[in-house]
Each structure stands twice: as C-alpha cells, then as structure tokens.
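Visitor: One structure coming up, written as structure tokens, with questions to follow.
The values are calculated or read from the model by the stated rules, or taken from the named source; none is laboratory data. It should be emphasised that the depicted structure is a prediction, and the values quoted were computed from it without experimental measurement. These area figures cover heavy atoms from the full protein model, side chains too; ligands, DNA and RNA do not enter into them. Shrake-Rupley method; radii C 1.70, N 1.55, O 1.52, S 1.80 Å.
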Amino acid sequence: MQRTHLTNDLSAKEDGKTVTLNGWAQDIRALGKITFLILRDVSGIVQCVAVKGKTDETLFKDIEHITQESVVSVTGIVKKSNEAKSGFEVFINNLTVLSNAASLPIQVIEKDKTITTDLSKRLDYRCIDLRKPENFAIFKIQSHLVRGMQQELNTQGFLQVFTPCLMGIASESGAEAFEVKYYNTKAYLRQDPQLHRQLGIIGGVEKLYDIGPSWRAEKSHTTRHICEHRAIAPERAFLNDETDTSKLEEGVIVSALHNVNKHCKEELKTLGVTLNVPETPFPELRFPKIYDILEKMGKTIPHGEDLDSEADQLLWEHVQKKYKTDFYFFNRFPFAAKPFYVMKADDDPEYARSVDLNCKGIELSSGGQREHRYDQLMNNIKEKKMDPKPLEWFTQFVNWGAPTHGGFAIGVERLTQAVLGINNIKETCLFPRDPERSLP
C-alpha cells in the first residue's frame, strides 16, 4: 500500500515497471473477460486492467464489485497499449480497498451531460463535488494565483504579517458586521483589516502584506458575493500618489497570471481556459469623466454617486472596444462614496485618491492612497458625520507621525472567478458561506 508513483509520473516509457498507486475508483467497467478500473489521484487518472484467466480469479471478482469512489491501493505492471488514450495501462496484480464508498448522493462524473446537479445540492455535498477534476483545477489555479502574487511582493521586499480577525468595534458599517460574544463583552468579525495594515505602516514596517479572511453580513444573493472571502492586501509607505499603488498592483497581477500559465497547463486545459497576461500599464478611467462615458452610452449617474452593476458592465464594454484588455482601473471615486480614511484629491476635494481594479466588469480590489495628515483625517470623520471617539484607537497613532502610504486588497475568489470566467463566485470558494449556508 506504500505509494510508489502518482498517476502523472507514469508513461509508456515505464513499460514493464511494477508500481503502486493510491487513489479513488472513479469508474469500474466490467466487460465480461476484462474489467477496467479508472483510478484517480491528485495528479490525474490512469486506466487499470484486470483480465480473466490472467488476473487471480478471486481478485478479478472482487474488482468487479468495487463501488464507485471507493479508496483503493493498486499494485500492477505498466504496459504499453495502443488502445489506451495515454498509450499505456496498469495491469493489476494486487488491489486493496482502503475505504469502501456507499452509494453517492451526487455523481463525480456525470455520464449524461444533459442532466446536471444544481449548485445548491452540490454545495450540500461539497466534499464529493470537490473530487471532480474541473473543481480540483479551479483550486490548483487559485493556489498558484496567490503564490504568484506573493512572489512579486516578496521580491519587492514586502513583509507578510497577520492582522486580527476580531475587532472591538465594527471596522466599517456596523450593519454589515457579524457580532460575536467576546468574554463578557462583544466583538465583531473584521470586514477588512485595513486600519491595522495602516497601523503597521505607521509602526515603521514600510512594506507589508496580509493574506486572510474577512466577513460581511450582507444579505446578498448575487453571483459575486459570499459572506466570507479571502484577500491578499499589500500596504506600503512613502507614496508619491495613488498611482504608485496601481503600478504595484499591475506587477502583482502579471506575476500571478505568469505563475498559473507556468504551473497549471493541464488544469487550464481541463477548464478550456486560455490566460492572456495583460500588458502594462493597465488603462485607467477617472471620475468625473467616467460619468461622461456612461452618459454617451445611455446611462446617467448623478455626479458624486457611486457606480452600479449596470455601469460596471457598460464601462467594461467601453474598455474592450477602446483598449482591448481585461484589466483596468477606476480612479478618483467620489469621496462621498468612500470611507473616511481615503485621501481627497487636493486639486478637486470632491473626489478621492481611491482606485479600484476591475476585470471583465468585475471589481477585484479597492485601494489607493490613505490620509496620513491627522487634521485632515479628523475633518474627514467630521464630514462623514461619524463619532470620532470610537476611532481613537486608530486616529491617535496618525497624530504621532504617519508617512504617506497606501495599498489595496485583492479578493482571491473574485480574481479566480474573473480570470477563469466562472459564473458563480461560490464555485471558487472551497466551502462557501452565504446568508443561508454555514455548513458543511
């Protein structure tokens, strides 16, 4: 039962070699004098064969009765085969059932492509659903997207840090925060550790990034929202302006896509996806000119208001026609639509140095330059009609010396959804959480 090879280690070149493989019995096809067992492991699938008269009689009968998705260990000999797609098969000498699978609630391989299991039921049995090669491909690609982003940040001297998930006050809107019992008081699950990253910069770290979960108690049922999501979020000191964060983000995205193309060729093929690495710099659309673009496309949004989903799609169409690229920035959002900690544009204080990265009409990140001047920060809080007292845990440190700084937070699931063209973001989360789902 000691594994000697993964399935993708094998080829016709191993003809005659004895190997031991561990995995799942994806399919068993008994055809009278020959039985095929399709074995799947983390690296792929291989066809294993038992032949009546050549395979031990008891073993031959046992193989016929293995249930689909049972976990097995197979020892056999690799043999060249003109009939097998891979050019070889494994002739079974010995087989041990490590775990016998009961009848499945959903199918791993749906043989009738006209019958599909709806997403809600698949998520009820997510562990089984994850065994599908297409789903495994999503999460391997997602892993390499994150690795690629980390590689770029590490190369540029960023330090990975870990910020708290429990907050004494809601970090943004209390209505969208999950309240939890915290000893004899209450706390909140973070909506975004933005302010803690800023405190790290004020503490002198200068370049840092955080990878972790955030939560929003939105009762949203769109294909782009989940209640718990993950983000990779860099912050750096001594910016010239918000475009420095855009340049950093471009490098992070390009590194991520290069890494996927390098390490996930088979997974991209499984999903039928071609990843094109965008050229830099990414195009940037700025407010208030964005309103004019939308007006020409038949969409009127009053100046000072934020974009809606229809506007996002129209601007994606505009970018496609004019720039022919998937990735693009929106900059100088109305200050009224942004949090208190963003920096206003000094030449036009109605708008902020606030930048969103978008891909194919999907918002991937929000960021830009933060307000580092204490007096202006307090004016922002006053303008937002916020009580300054609960924010003193953060604002007092700004008063003790803060460099110019800024950053962004890229949603890991959103990025995966956008680059792979996946319809529902829940497909890109291992165990998604929504207003009705907290299990499994």
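Visitor: Between the alpha-carbon centers of the stretch 219-233 and the stretch 334-410, tell me the distance in whole angstrom.
Guide: Each part's Cα centre sits 22 Å from the other's.
Visitor: What list of ³J(HN,Hα) values in whole Hz, one per residue of the stretch 333-343 in order, does the Karplus curve 6.51 cos²θ - 1.76 cosθ + 1.60 (θ = phi - 60°) give from phi, with Gly and Pro shown as x?
Guide: Whole-Hz 3J(HN,Hα) from phi for the stretch 333-343: 4, x, 4, 4, 9, 10, x, 5, 7, 6, 8.
Visitor: Please list the equivalent ellipsoid semi-axes of the stretch 1-147, computed as the square roots of five times the alpha-carbon gyration tensor eigenvalues, in descending order and whole angstrom.
Guide: So the three semi-axes of the stretch 1-147 are 27, 19, 14 Å.
Visitor: Right, next: Find the Cα radius of gyration of the stretch 204-293, compare it with 2.2 N^0.38 Å by division, and give the number to two decimals.
Guide: Values: Rg = 17.2 Å, N = 90, 2.2 N^0.38 = 12.2 Å.
Cα Rg divided by the expected 2.2 N^0.38 Å: 1.41.
Visitor: Using only the alpha-carbon atoms, what does the stretch 388-440 span along each of its principal axes? Please give whole angstrom values in decreasing order.
Guide: The principal-axis extents, from largest down, are 46, 27, 15 Å.
Visitor: From Cα pairs below 8 angstrom and at least 6 apart in sequence, can you work out the relative contact order of the stretch 58-156, rounded to a whole percent?
Guide: On the way: 81 pairs, mean separation 20.2, N = 99.
With pairs under 8 Å counted, the relative contact order is 20 percent.
Visitor: How much of the accessible area of the chain, probe 1.4 Å, is carbon plus sulfur, in whole percent? Show your work: numbers first, answer last.
Guide: Details: 10950 of 21770 Å².
The nonpolar share, carbon plus sulfur, comes to 50 percent.
Visitor: Below 8 Å, C-alpha to C-alpha, sequence gap of six or more: please give me the relative contact order for the chain in percent.
Guide: In percent, rounded to a whole number, it is 13.
Visitor: Now for a separate question. So with the 1.4 Å probe, I'd like the accessible area per residue for the stretch 97-195, rounded to whole Å².
Guide: Averaged over the residues of the stretch 97-195, the accessible area is 57 Å².
Visitor: To continue, here is another question. Using the Kirkwood formula over every pair of different C-alpha atoms, what hydrodynamic radius in Å results for the stretch 288-404? Mind dumping the intermediate values first?
Guide: Working: mean 1/r = 0.0641 Å⁻¹.
Result for the stretch 288-404, one decimal place: 15.6 Å.
Visitor: To continue, here is another question. Using θ = phi - 60° and the Karplus form 6.51 cos²θ - 1.76 cosθ + 1.60, what ³J(HN,Hα) does each residue of the stretch 126-132 get, whole Hz, x for Gly and Pro?
Guide: Those phi angles translate into 4, 4, 6, 4, 5, 6, 5 Hz.
Visitor: Still on this model: Taking the inverse of the average 1/r across all pairs of different Cα atoms in the stretch 243-318, what Kirkwood radius in Å do you get?
Guide: On the way: mean 1/r = 0.0664 Å⁻¹.
The answer is 15.1 Å.
Visitor: State in Å² the accessible area per residue of the stretch 397-440; use a 1.4 Å probe, count heavy atoms of protein chains only, and round to the nearest integer.
Guide: Accessible area per residue: 38 Å².
Visitor: OK, next. Take the Cα coordinates of the stretch 347-418, assign each an equal point scatterer, and use the Debye formula without solvent to give log10 I(q)/I(0) at q = 0.13, 0.19, 0.21, 0.26 Å⁻¹.
Guide: Ignoring solvent entirely, the Cα scatterers give -0.53, -0.89, -0.97, -1.15.
Visitor: Which percent of Cα-Cα pairs in the stretch 85-146 sits in each 5 Å bin, short to long?
Guide: Pair shares across the bins are 3, 12, 16, 18, 18, 17, 12, 4, 0.
Visitor: Helix 133-155 sits at what angle to the longest principal axis of the chain, using alpha carbons and giving 0 to 90 degrees rounded to 10?
Guide: 50 degrees
Visitor: Still on this structure: For the stretch 282-440, what is the relative contact order in percent, using Cα pairs closer than 8 Å and at least 6 residues apart in sequence?
Guide: Relative contact order of the stretch 282-440: 17 percent.
Visitor: Let me ask another. Could you let me know the centre-to-centre spacing of the stretch 261-309 and the stretch 118-191, using Cα atoms, in angstrom?
Guide: 23 Å
Visitor: Which lysines, on any chain, are close to LYS121 with Cα under 29 Å apart, when same-chain ones fewer than 8 places away are left out?
Guide: List returned: LYS111, LYS113, LYS132, LYS140, LYS219, LYS269, LYS360, LYS426.
Visitor: A follow-up question, please. Mind listing the Cα extents of the stretch 173-225 along all three principal axes, in Å, largest one first?
Guide: Largest to smallest, the principal-axis extents are 39, 37, 17 Å.
Visitor: In Å, what Rg and Dmax follow from the Cα atoms of the stretch 65-179?
Guide: 22.7, 66
Visitor: Amide H neighbours of ALA352 under 5 Å, counting only residues 5+ apart in sequence or on other chains, H built in-plane at 1.01 Å?
Guide: Under 5 Å from the amide H of ALA352 lie the amide H atoms of PHE333, PHE335, ALA345, each far enough along the sequence or on another chain.
Visitor: Something else now. What are the principal axis extents of the Cα atoms in the stretch 213-355, in Å, biggest first?
Guide: For the stretch 213-355, the Cα extents along the three principal axes come out at 49, 40, 36 Å.
Visitor: Just need the Rg to Rh number for the chain, please, alpha carbons only, Kirkwood Rh.
Guide: 1.07
Visitor: With θ taken as phi - 60° and the coefficients 6.51, -1.76 and 1.60, list the Karplus ³J(HN,Hα) couplings across the stretch 258-272 in order, rounded to whole Hz; mark glycine and proline as x.
Guide: Each residue's phi maps through the Karplus curve to give 4, 5, 5, 4, 6, 10, 10, 4, 5, 5, 4, 5, 4, 8, x Hz.
Visitor: With a Cα-only, solvent-free Debye model of the stretch 117-162, what are the log10 I(q)/I(0) values at q = 0.13, 0.22, 0.28 Å⁻¹?
Guide: One equal scatterer on each Cα of the stretch 117-162 leads to -0.48, -0.76, -0.97.
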